[in-house]
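K.L.:
One structure is given below, represented as structure tokens, and several questions about it will come after.
The values are calculated or read from the model by the stated rules, or taken from the named source; none is laboratory data. Since the structure is predicted, the reported quantities are computational estimates derived from the model, not experimental observations. Don't worry about glycine lacking a Cβ; one is built from the backbone with ideal geometry, like all the others, and counts go over all protein chains shown.
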Amino acid sequence: MLQLDHIFVLASPNAPEADRLTEAGLIEGTSREHPGQGTSNRRFFFANTTLEFLYIHNIAEAINGAGSKLKLVERAINAEGSPFGLVTRWFGDEPTPDYPYWEYQPDYFPAPMCFYVGKNSDNFDEPLCICMPPALPPPSTPPEPNNALMNLTAVELSIPHYAASETLTRFGECDLMTIALAEEHKLKLVFNDAAMGRSINLMPDIPLVVIW
């Protein structure tokens, strides 16, 4: 069984788009760099997920490093491509996930620990679909600082294709996920069933809407 862990969105250098969330009162958490991947992030921790604004800080490393097959640079500059990534955890009897994947062993993981990247990764009409190593334990509580009173209650993804790949179809079976086909790229994240009636729309910079 796949379970959604966190979501990332490719952002501009230093992720100024994340400022929209802090201006709306959301609490920003810690950031980190990814050696060999050429990326850094800004993160927002919630009760049951993390929203990560991922940006490229070293183009040469992103193109030539251990994470080159992710094609993050190519995806980031493709105005028609999906800027999103869905990151899951695997809970099953088999030791590895049950969708078509290739193994990515980043510099910041000890071998043989690796990510399981969906073979749809070259299809920029779909988000990157990645499963975390089963041996990597989930945190018992969200890292501080966080938005611990906000629970993700719906994830609505739209893609321009008329059919989803086998990998994305499996990811679409995750709890809370729905996928709309033949529509413009968009990701809507709903927290607490939109009880407060508040929202942030990052379009046209990023086709992301956050509602709580």
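K.L.:
Collect the residues in the range 128-148 that are in a loop (DSSP other than H, G, I, E, B) and in contact with a Pro (Cβ under 8 Å, 6 or more places away or on another chain), keeping them in residue-number order.
P.N.:
Pro134, Ala148
K.L.:
Here is a further query. So which of Leu136, Leu187 is of a type in the set (A, V, I, L, M, F, W, C) and either at positive phi or buried (at least 19 other Cβ atoms within 10 Å of the Cβ) (or both)?
P.N.:
Values: Leu136 fails: either at positive phi or buried (at least 19 other Cβ atoms within 10 Å of the Cβ) (or both).
Sole residue among the options that is of a type in the set (A, V, I, L, M, F, W, C) and either at positive phi or buried (at least 19 other Cβ atoms within 10 Å of the Cβ) (or both): Leu187.
K.L.:
Now for a different question. Suppose the filter is at pLDDT 95 or above and either of a type outside the set (Asp, Glu) or touching a strand residue (DSSP E or B) at 6+ places or on another chain (Cβ under 9 Å) (or both); does Glu184 pass it?
P.N.:
Yes: the conditions hold for Glu184.
K.L.:
Determine which single condition Ile179 fails, assuming it passes every other condition in (1) loosely packed, with under 14 Cβ neighbours inside 10 Å; (2) within 24 Å of Glu17 (Cβ to Cβ); (3) without any contact (Cβ under 8 Å) to a residue 24 or more places away in the chain.
P.N.:
(1)
K.L.:
Here's a follow-up. Exactly one of these conditions fails for Phe91: (1) surrounded by fewer than 20 Cβ atoms within 10 Å (Cβ to Cβ); (2) modelled with pLDDT of 95 or more; (3) of a type outside the set (S, T, N, Q). Give me its number.
P.N.:
(2)
K.L.:
Now for a separate question. Hey, can you tell me all the residues within the range 160-172 that are touching a strand residue (DSSP E or B) at 6+ places or on another chain (Cβ under 7 Å) and over 19 Å from Leu10 (Cβ atoms)?
P.N.:
Once the filter is applied, which keeps residues that are touching a strand residue (DSSP E or B) at 6+ places or on another chain (Cβ under 7 Å) and over 19 Å from Leu10 (Cβ atoms), the range 160-172 yields Ala164, Arg170, Gly172.
K.L.:
Further, regarding this structure: Cβ-Cβ below 7 Å, separation at least six or inter-chain, first residue in the range 153-175 and under 9 Å from Glu126 (Cβ atoms), second of a type in the set (Phe, Trp, Tyr) and part of a loop (DSSP other than H, G, I, E, B): which pairs?
P.N.:
So the pair list comes out as Thr167/Tyr99.
K.L.:
Test Glu103 against the stated conditions and say whether it is of a type in the set (D, E, K, R), surrounded by 16 or more Cβ atoms within 10 Å (Cβ to Cβ) and under 19 Å from Gly67 (Cα atoms).
P.N.:
Criteria not met by Glu103.
K.L.:
Could you list all residues from the range 1-33 that are under 25 Å from Tyr99 (Cα atoms) and either under 17 Å from the mean Cα position of the chain (by Cα) or modelled with pLDDT of 95 or more (or both)?
P.N.:
Those that are under 25 Å from Tyr99 (Cα atoms) and either under 17 Å from the mean Cα position of the chain (by Cα) or modelled with pLDDT of 95 or more (or both): Leu2, Gln3, Leu4, Asp5, His6, Ile7, Phe8, Val9, Leu10.
K.L.:
Here is a further query. Being touching a His at 6+ places or on another chain (Cβ under 9 Å) and part of a loop (DSSP other than H, G, I, E, B) is the filter; apply it to the range 7-45 and report the residue that is surrounded by the fewest Cβ atoms within 10 Å (Cβ to Cβ).
P.N.:
My answer is Pro13.
K.L.:
Test of understanding: among Phe124, Phe91, Phe84, which residue is under 29 Å from Ile27 (Cα atoms) and touching a residue at least 12 places away in the same chain (Cβ under 8 Å)?
P.N.:
Matching residue, one of Phe124, Phe91, Phe84: Phe84.
K.L.:
Still on this structure, please answer the following. Please specify each residue of the range 190-208 satisfying the condition of being in contact (Cβ under 8 Å) with a residue 24 or more places away in the chain, of a type outside the set (A, V, I, L, M), surrounded by 13 or more Cβ atoms within 10 Å (Cβ to Cβ) and not in a loop (DSSP other than H, G, I, E, B).
P.N.:
Phe191, Asn192
K.L.:
For Ser140, only one of the following conditions fails: (1) modelled with pLDDT under 95; (2) within 18 Å of Val9 (Cα to Cα). What is its number?
P.N.:
Of the numbered conditions (1) modelled with pLDDT under 95; (2) within 18 Å of Val9 (Cα to Cα), the odd one out for Ser140 is (2).
K.L.:
How many residues are loosely packed, with under 11 Cβ neighbours inside 10 Å and either under 18 Å from Arg42 (Cα atoms) or among the hydroxyl-bearing types (Ser, Thr, Tyr) (or both) when one looks only at the range 140-151?
P.N.:
Total meeting the criteria: 3.
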